[in-house]
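Enquirer: I'd like to ask some things about the structure below.
Coordinate-derived values only; no laboratory data. Remember, it's a predicted structure, so these values are computed and weren't measured experimentally. Here the Cβ positions follow ideal geometry from the backbone for every residue, glycine too, while neighbour counts run over all protein chains shown.
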Amino acid sequence: MLDHPATIQVLGPSQDKRRSPHIAIVGSGPSGCFTAQMLRKQLPQAAIAVFDRLPVPYGLLRYGVSPDHQGTKAVTRQFDKMFGSGEVDFVGNVSVGKDVSLDRMRTLFDVVVLATGLATDRAVQGVSGDRVYGAGRVMRWFNSHPDELLFEPHFGDRVAIIGNGNVAVDVLRLLSKGASAFVGSDLDPLRLGHKPSHIHVFGRSALSAAKFDSVMIRELASIDGLAVTVNVLDSLDHQDPGVRAKAEALRDLADGSALERPRVRIEFNFGWQPLNLEIAGGAQQLGLISTDGLSTARQIEVDSVVTAVGFAPQDCQPESGHTSTGSDPEGLYRVGWLERGSAGGIPHNRADAKLLSSRIVADLADETTSTGRRGLRALAPELHDKTVDFAGWKRIDEFESAQQREGRCRVKVPDIATMIEIART
């Protein structure tokens with residue numbers, strides 16, 4: 001492939017932004033893109049640039065949303081339209097904190113929004129080992145994230161999933177589905193190796209406090225060959241309709257599942273706290289204790305453990321700039337998971353973006369945040385042609401879509417070097 005120097009597409013002279021605010025958004029996931037979209041509507045005169053450390057945009061939508069949930073991923077079409085209009089610049093392959101410091105960004109942009117999310121899996125105390133995998137990392141692997149290019153999980157026959165949120169159910173579903181069930185997804189067929197025959201799901205809380213949505217449980221009913229049991233199925237008469245819906249979904253799933261010669265056996269357990277993972281008799285034993293006040297101990301044999309108990313900031317994440325009082329310095333903002341923690345889905349990110357954009361507009365209006373900085377035009381020479389712009393992303397997008405095989409809607413390019421090569425062809 002021919003290697004042409006990358007260029008940054010910036011707004012032309014006809015749209016003079018020199019006296020208008022220059023806004024940088026760090027992170028092109030849903031929070032970052034929704035923020036850009038909202039600010040574009042409220043500040044049409046602003047020059048807005050969205051940065052990402054990868055050559056491709058959309059963050060969590062591309063690499064965190066399950067590959068068999070293409071309907072959720074489709075929100076990227078509106079962001080494609082936004083970037084394609086030229087009203088907002090995409091600046092890919094630029095790591096803020098590495099390629100350019102956050103302090104430098106703040107000297108060049110009137111507003112800097114950190115929308116980098118949370119990508120590091122929280123650990124479960126006492127549970128560690130070569131076959132203990134964070135659910136976030138597993139989901140990135142299923143989604144062919146370049147950070148997981150060398151990651152090779154070995155799930156084995158018996159898997160324990162620790163957690164009772166939607167991410168835990170995503171992992172459960174992906175490990176339970178047969179190969180034919182991934183038609184229409186963007187899951188790389190190479191990710192379909194040996195599947196487990198037994199999956200235990202453990203949640204520390206009771207069913208009434210489980211975080212998953214009932215629709216996620218009902219989706220499991222479409223998978224053939226499952227035998228599902230639910231230990232301690234309560235809350236069917238709970239006053240909260242949301243809790244009742246979860247209990248009813250689990251009951252219906254268990255009642256409708258295969259009882260003879262299933263392909264996969266699934267067991268939901270509520271009210272169990274993991275204690276340790278030990279080797280005994282040549283096998284891994286996961287130790288647990290009940291949280292119902294009785295402190296009942298239990299051990300199960302497992303080949304692997306997937307932890308799904310939330311996320312924390314990455315070590316390489318740019319500093320938020322929060323002061324000791326918890327406030328942001330002038331012109332610096334946070335949004336999405338980085339601001340409120342790893343709770344809530346795409347609609348919550350959109351709501352966050354709407355609130356933040358209104359706050360930024362108000363700060364600019366009352367001059368709490370000053371303007372007059374030089375923006376992307378001044379930064380571009382410092383990046384030494386390493387960036388991938390939106391046109392480069394579209395070349396990658398078209399290449400991936402053309403690689404359809406085995407019923408997939410696309411096959412993602414899994415490494416950064418190849419992405420850049422395609423983007424510059």
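Enquirer: Could you please state, rounded to a whole Å, how far the C-alpha centre of region 81-117 is from the C-alpha centre of region 348-425?
Expert: Between the Cα centre of region 81-117 and that of region 348-425, the gap is 8 Å.
Enquirer: Further question: Please arrange Phe142, Phe83, Phe51 by counting, for each residue, the other beta carbons lying within 10 Å of its beta carbon, fewest first.
Expert: Ascending Cβ contact count within 10 Å gives the list Phe83, Phe142, Phe51.
Enquirer: Per DSSP H run of at least 4 residues, take -39500 (n - 2.57); add these up for the chain, divide by its residues and hand me the 222 nm value, nearest 500 deg cm²/dmol.
Expert: Values: 14 runs with 129 residues, N = 425.
The helix contribution divided over the chain gives -8500 deg cm²/dmol.
Enquirer: Only Cα pairs under 8 Å and at least 6 apart count here; give the relative contact order of the chain as a rounded whole percent. Provide the component values of the computation, followed by the final result.
Expert: Numbers: 864 pairs, mean separation 114.6, N = 425.
That works out to 27 percent.
Enquirer: Moving on. Take each complete run of DSSP H in the chain, measure how far its Cα atoms stretch along the helix's own axis, and keep only those covering 24 Å or more with mean Kyte-Doolittle hydropathy at least 0.0; list them. The partial results should precede the final answer.
Expert: Working: long enough: 346-365 (29 Å, 0.10).
The answer, listed by residue number, is 346-365.
Enquirer: Now a separate question. How big is the Kirkwood radius of region 121-311, worked out from every pair of different alpha carbons and given in Å to one decimal?
Expert: Details: mean 1/r = 0.0587 Å⁻¹.
For region 121-311, inverting the mean 1/r across all distinct Cα pairs yields 17.0 Å.
Enquirer: Counting only other residues whose beta carbon sits under 13 Å from that of Phe212, what net charge do I get with K and R as +1, D and E as -1?
Expert: Values: positive: Arg173, Lys211, Arg218, Lys246; negative: Asp170, Asp213, Glu219.
Net charge around Phe212: +1.
Enquirer: Under a straight-distance cross-link criterion of Cα-Cα below 18 Å, which aspartates and glutamates are reachable from Lys386, leaving out those fewer than 8 residues away in the same chain?
Expert: Asp3, Asp52, Asp89, Asp99, Asp415, Glu421
Enquirer: A further question follows. What shape does the chain take by its C-alpha gyration tensor, where a ≥ b ≥ c are the square roots of the eigenvalues and a/c under 1.5 counts as rounded, a/b above b/c as prolate, and the rest as oblate?
Expert: Values: a/c = 2.16, a/b = 1.72, b/c = 1.26.
It comes out prolate by the Cα gyration axes.
Enquirer: In which sequence would Asp157, Asp110, Asp68, Asp366 go, from the one with the fewest C-beta neighbours within 10 Å to the one with the most?
Expert: On the way: Asp157 14, Asp110 24, Asp68 20, Asp366 8.
In increasing order of surrounding Cβ atoms, one gets Asp366, Asp157, Asp68, Asp110.
Enquirer: Report, for region 121-311, the % of DSSP beta bridges that are antiparallel, rounded to 5. It would help to have the intermediate numbers written out before the result.
Expert: Values: 16 of 40 bridges.
In region 121-311, DSSP labels about 40 percent of beta bridges as antiparallel.
Enquirer: Please compute the net charge surrounding Met38, taking Lys and Arg as +1 and Asp and Glu as -1 over other residues with Cβ under 13 Å from its Cβ.
Expert: Numbers: positive: Arg40, Lys41, Arg350, Lys354, Arg359; negative: Glu87, Asp352.
The answer is +3.
Enquirer: For the chain, modelled as a GNM with alpha-carbon contacts under 10 angstrom, which of Ala227, Ala135, Ala308 fluctuates the most?
Expert: The residue with the greatest mean-square fluctuation here is Ala227.
Enquirer: Let me ask another. Over the chain, with a Gaussian network built from C-alpha contacts below 10 Å, which listed residue (Thr35, Thr76, Thr107) shows the highest mean-square fluctuation?
Expert: Greatest mean-square fluctuation among the candidates belongs to Thr107.
Enquirer: ³J(HN,Hα) across region 214-230 via Karplus (A = 6.51, B = -1.76, C = 1.60, θ = phi - 60°), whole Hz, x for Gly/Pro?
Expert: With the stated coefficients, region 214-230 comes to 4, 5, 5, 5, 5, 5, 5, 5, 7, 8, 7, x, 9, 10, 10, 10, 10 Hz.
Enquirer: If we count other beta carbons within 10 Å of each Cβ, what is the order of Thr307, Thr72, Thr116, fewest first? Mind showing how you got there, number by number?
Expert: On the way: Thr307 25, Thr72 15, Thr116 30.
Fewest-to-most Cβ neighbours within 10 Å comes out as Thr72, Thr307, Thr116.
Enquirer: Taking every DSSP beta bridge that has both residues in the chain, what percent is antiparallel when rounded to the nearest 5?
Expert: Working: 18 of 59 bridges.
In the chain, approximately 30 percent of DSSP beta bridges are antiparallel ones.
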